[in-house]
Amino acid sequence: MKGKQGRKRYEVLLSEQAERSKEKLPPAIQKAIEDKLEWLAENVHAIRHERLKGLPYFSLHLGQYRIAYQIDHSQGQIHVCDLGKHDEVYRRLARLS
């Protein structure tokens, strides 16, 4: 499927951690995150990605929530590593590094 700029829409893949974190959130927040990831998949080339300091991930903001992800341009994929309230996500990611 092509995005608005005629480029291929990226596939979004959630890690086990991201899936677990998402399931714990209220349904309205889950839907908002799904919508934001859909938007990211369609606009991956049109936006400036914010890299997390000292980590190999980018961060997408949704109010008080953060979506930590990596992009694989060669495969056309966005790998969501974790998501949730910003302090929780940053704390979990810091433990991984």
In the set 77, 70, which member is among the polar types (S, T, N, Q), closer than 15 Å to residue 15 by Cβ and free of Cβ contacts under 8 Å to residues at least 24 places away in the same chain? 70
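Scan region 86-97 and give yes if some residue there is in contact with a helix residue (DSSP H, G or I) (Cβ under 6 Å, 6 or more places away or on another chain) and small (Gly, Ala, Ser), otherwise no.
no
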Flagged in region 43-61 as surrounded by fewer than 16 Cβ atoms within 10 Å (Cβ to Cβ) and either assigned to a helix (DSSP H, G or I) or at pLDDT 90 or above (or both), in numbering order, are 43, 45, 46, 47, 48, 49, 50, 51, 56, 61
Can you tell me how many residues in region 62-89 are part of a loop (DSSP other than H, G, I, E, B) and surrounded by 14 or more Cβ atoms within 10 Å (Cβ to Cβ)? 1
If residue 51 satisfies all but one of (1) free of Cβ contacts under 8 Å to residues at least 12 places away in the same chain; (2) under 21 Å from residue 25 (Cα atoms), what's the number of the condition it fails? (2)
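The values are calculated or read from the model by the stated rules, or taken from the named source; none is laboratory data. All values derive from a computational prediction rather than experimental measurement. Methodologically, a virtual Cβ is constructed for each residue, glycine included, from the backbone with ideal geometry; neighbour enumeration extends over all protein chains shown.
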